[in-house]
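Colleague: Sharing a structure below in structure tokens format, with a few things to ask.
The values are calculated or read from the model by the stated rules, or taken from the named source; none is laboratory data. The structure presented is a predicted model; accordingly, all values stated were derived computationally and were not measured. All Cβ positions, even for glycine, are placed from backbone atoms using ideal geometry, and neighbour counts span all protein chains on display. Quick note on the areas: whole protein, heavy atoms, side chains included, nothing else; ligands and nucleic acids left out. Shrake-Rupley method; radii C 1.70, N 1.55, O 1.52, S 1.80 Å.
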Amino acid sequence: MRKFTILLCILGILIAGCQRNQGSGNEIRFSWWGNEARNNATIEAIRLYESLNPGVRIIPEFAAVDGYVTRMQAQIAAGNAPDIFTVSPEDLPTYVDLGACADLTGLVDLSTHNPEVARASAINNSLYGVNLSLNANVIIYNKTLAEELGIVMPEWDYTWDELISLLAEVHRRTNGQTYGMVDIRMVRPLETYIPAWNMTYRDREPPFPWTDTQMIMTGEDVAAYMEFWSNVPYGVLLSPDETATLPSQINAPIGTRKTFLEWNYSGTFAMIQSQTTDELDMIPYPNNRRGRGEAVSARPGLVQVVFSGSRNKELAVDFLQWLSSDPEAGKILRTVRGVLPSSVQVEALLAEPDVLSAEDQKVFTITNRIFAGTVNPFNPGLPGIANIWNENHLIAVGAEVAFGRTTPQQAGQRFDTFLADALSR
């Protein structure tokens, strides 16, 4: 671990040598990942804020998600992290444990935000981040193809078994040309799929899969999930060979009718819709008619944190307050990160319906309907937990199950080993 920290420091110093020093005067750096639409909208919002605050400069630093975490940890180790940077909710505890996140308790007004989602950026009652989106768990499906095949899609209360039967029928009616979906034993976000299935199919009660101090999910939960998908009819899952070679969601197989549906976040809908001329639509995850579980949990879309070493924390906090709550900022950002977190921003957008595209309207409709119901609380979890889901750990084990090299029970045992190792660091 010490060697890894030293390497991060060296890498961070090299990065620091190529960049401007930590913000000075009325200048801060803001870092995020995303696609072109997100980048363009965020920069437009930055320019508006600068025009409203003469003399202030916000330096944008954006990149693809691949390598983002490693780069950020290197910059933190070197003391040269951006004043504001983006983290996934599951990674937040690790950054807090590193001492990289400023305590924002009492510094930002989140009274217009969904309270459950706002609370999900806090650890031990201290707020360490500001959420910029509500991003519901959804299934994106090919509506045009469903209508061509005479497939009637469920809406809100339906079961996992009903979904499996429907996907097997899609494969049959297309003469094997279209599979139900990719093999979700071996792709991200397993940290969403496994808890969702266990809570709704097996009645695992929240808090699940973890709290801020305790891991509740076990290897037995993982094994049950792997076993379920190992027994679905042929044609429901894309072959493991093809799933393993998928380039990214930027080229989702739903776009070529290779698969019928895509498990994703509502904020990705416009990007995936752009990949096909077929009309796509969304439904929530199966809930086995439990009356809840549609949104799975009040998980923030993305969390923006203020670097604890920032020399301009006051400016960073003011910019985050404006970006996450101001109606004019909301009109620019729209749905590039999901549905806006502030009711004031949402109301401003809905007052000008021409601002929202047809895709945006669909995202707003399903996300707001999901979050209008009862959702399970989301806890960021324990430091290091996010690592057990990555391509070198549980996703790799899920692939071994898919290829028949490992049993579901062995996958559960491996999960317990990964977890014990993560918690011991």
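Colleague: Can you name the helices of the chain, as whole DSSP H runs, whose Cα span along the helix axis is 30 Å or more and whose Kyte-Doolittle mean is not below 1.6?
Modeller: none
Colleague: Using the basic label-point model (7 angstrom from Cα toward the beta carbon), what is the residue 211 to residue 392 distance in nanometres?
Modeller: 3.2
Colleague: Excluding ligands, DNA and RNA, what is the solvent-accessible area per residue of the stretch 288-378 at a probe of 1.4 Å, expressed in Å²?
Modeller: 38
Colleague: Right, another one. Can you give the FRET efficiency to the nearest 0.05 for residue 355 and residue 277, using r as the Cβ-Cβ distance and R₀ = 25 Å?
Modeller: That gives a FRET efficiency of 0.55.
Colleague: On to the next question. Reachable aspartates and glutamates from residue 362, Cα under 20 Å, same-chain residues fewer than 8 places away excluded?
Modeller: Of all the aspartates and glutamates, those that pass the test against residue 362 - Cα under 20 Å, at least 8 places apart if same chain - are 147, 155, 157, 262, 278, 279, 281, 294, 347, 352, 354.
Colleague: Round to a whole number: what % of the accessible area of the stretch 265-342 belongs to carbon and sulfur, probe 1.4 Å?
Modeller: 44
Colleague: What does the charge dipole of the chain about its Cα centre add up to, to the nearest 20 debye, if the Cβ of each Lys and Arg holds +1 and the Cβ of each Asp and Glu holds -1?
Modeller: Value, rounded to 20: 800 debye.
Colleague: Using only helices, what value at 222 nm comes out for the chain when you add -39,500 (n - 2.57) per DSSP H run of length 4 or more and divide by the total residues, to the nearest 500 deg cm²/dmol?
Modeller: After summing the helix terms and dividing by residue count, I get -12500 deg cm²/dmol.
Colleague: Magnitude of the Cβ-charge dipole of the stretch 151-303, K/R +1 and D/E -1, about the Cα centre, nearest 20 debye?
Modeller: 120
Colleague: How large, in percent, is the carbon and sulfur part of the accessible surface of the stretch 56-212 at a probe radius of 1.4 Å?
Modeller: 46
Colleague: If R0 is 51 Å, what FRET efficiency do you get for residue 111 and residue 218 from their C-beta distance, rounded to 0.05?
Modeller: It comes out at approximately 0.85.
Colleague: For residue 239 and residue 64, compute 0.36 nm times the residue count separating them, minus their Cα-Cα distance, and round to one decimal in nm.
Modeller: 60.3 nm
Colleague: When ligands, DNA and RNA are left out and all protein chains stay put, how many square angstrom of accessible area per residue does the stretch 161-201 have with a 1.4 Å probe?
Modeller: Accessible area per residue, the stretch 161-201: 32 Å².
Colleague: Let me ask you something else. Over what distance in Å are the Cα centres of the stretch 64-139 and the stretch 144-208 separated?
Modeller: If we compute the Cα centre of each part, the gap is 31 Å.
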